[in-house]
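To start, the structure itself, in structure tokens.
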Amino acid sequence: MKNLPLTDVTEHVSCVRLVPLFGGLSAADQDAVGALARPTTLERGEAFGPATGRLAVVHRGQVKVSRLSASGHERVLRLAGPGDFVGEGSFLTGEAPSYLIEAAAPTRMCVFSRADLAPLIAAHPSVAMAMMRSLAQRLDDAEHRLSLASTSRPARIAGYLLDQPGSAEESGYRVRLPMAKKDTASLLGMTPESFSRGLDALRSKGLIATSGAEITLRDVDALEELAAG
């Protein structure tokens, strides 16, 4: 992890203006927030930490947020991309985080300390409200994933694939898994072996074609029907 010098003020401000968290601030206040940013880069697979009391806004790249079980098993909670923020739990409480943050791709973030940013949040309730909206959305997403726990593996995988950005091609709709298959399996609440068997089931029905991390959705309508249960 590299903490970069505070030289590119324009990039700091663009990082701040990218994230909805600061969208309710005036341009002058956004500039003030940008001046507090500490740009940080992570290589793929590199951990961000210790992150106690720090809020990180992803500017470029992607980070994986996960927890370790008592047995040491990693459970992926979510991916955060450009405009998303991580570390808000520890930032708000000042306590050590109970999660791990790792770069899923080469990543650049703008990092803020609690001591620097807390007074601004206290003065601008819109920032706190934006943070609450984000947390509420994450809770809703988590509850949705829990509701899918009783569905079949192929149904969960179909729903996940349909949610991924991609491009329409003659052979179908092509998407790319944003992280390793073992991490995708963890996010969906299954083992890597179960995830592979689920992909095999979809492939055997002619619904998808796979080539490494790239997956072509050959029958979107059938996948949507499967995902809907």
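Brief remarks follow.
- For segment 208-229, the set of residues classified as in contact with a strand residue (DSSP E or B) (Cβ under 7 Å, 6 or more places away or on another chain) and not charged (D, E, K, R) consists of I208, A209, A213, I215, T216, L217, V220, L223, listed by residue number.
For (1) modelled with pLDDT of 95 or more; (2) touching a Cys at 6+ places or on another chain (Cβ under 6 Å); (3) over 29 Å from I101 (Cβ atoms), each residue gets a yes or a no:
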| position | (1), (2), (3) |
| --- | --- |
| G166 | no, no, no |
| R176 | no, no, no |
| D183 | no, no, no |
| L188 | no, no, no |
| R197 | no, no, yes |
| L207 | yes, no, yes |
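- Residues in segment 68-86 that are surrounded by 12 or more Cβ atoms within 10 Å (Cβ to Cβ) and of a type outside the set (A, V, I, L, M): E74, R75, R78, G81, P82, G83, D84, F85.
- Matching option when the condition is out of contact with any strand residue (DSSP E or B) (no Cβ under 9 Å at 6 or more places or on another chain) and at pLDDT 80 or above, among G24, G34: G24
- Residue ranges of strands (runs of 3 or more DSSP E) in segment 10-88 with at least 3 members within 28 Å of M190 (Cβ to Cβ), outside the structural domain of A180 (by TED's automatic domain parsing) and in contact (Cβ under 8 Å) with a residue 60 or more places away in the chain: 74-80
- Odd one out for A27, checked against (1) loosely packed, with under 14 Cβ neighbours inside 10 Å; (2) closer than 22 Å to R138 by Cβ; (3) not polar (S, T, N, Q): (2)
- Test result for G89, among the small types (G, A, S), in contact with a strand residue (DSSP E or B) (Cβ under 8 Å, 6 or more places away or on another chain) and surrounded by 14 or more Cβ atoms within 10 Å (Cβ to Cβ): no
The values are calculated or read from the model by the stated rules, or taken from the named source; none is laboratory data. If you're wondering where the values come from, they're calculated on a predicted model, not measured in any experiment. So basically every Cβ, Gly included, is an ideal-geometry build from the backbone, and we count neighbours across all protein chains shown.
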